[in-house]
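The numbers here are math on the coordinates, done by the rules we state, and not lab data. All of these numbers come straight from a predicted model, not from anything done at the bench. Neighbour counts are summed over all protein chains in view; Cβ atoms, including those assigned to glycine, are modelled from backbone coordinates with ideal geometry.
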Amino acid sequence: MTAGANMSRSGKDVKIAKTMLLENMAVGLETGALTVAHDLEGKQDLLNEIASFELASTSSGNLVLQGGGKGHHADRAIATALAYLSATHLETTLSGSYRLHGWA
């Protein structure tokens, strides 16, 4: 994930801004194109994590998106957003596995 508001591809390498990644997921949830299975174990935890994202200011005054609360990273929400990005933007133009840069 990168800063800014864009996505770029070079072969199987994909770079995407966190803001764009989360906005894509939000649009999917709002339009009903992305739904969470009613019987998913931990469904409410995932929905709470998604709802926890907010803009926060860093010590240098930059605005960043954070989720999951203090000390948490909202990993399930990010994983959901990555899977949805793959379904909406990657699989139709590329096939195979992808490597996401900047994500440990």
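With the simple spin-label model, which puts each label point 7 Å out from Cα in the Cβ direction, the LEU47 to VAL64 separation comes to 2.9 nm. Ordering 78-86, 41-49 by mean Cβ neighbour count within 10 Å, with the highest value first, yields 78-86, 41-49. Distances between placed amide hydrogens fall under 5 Å for PHE53 paired with GLY68, all partners being 5 or more residues away or on another chain.
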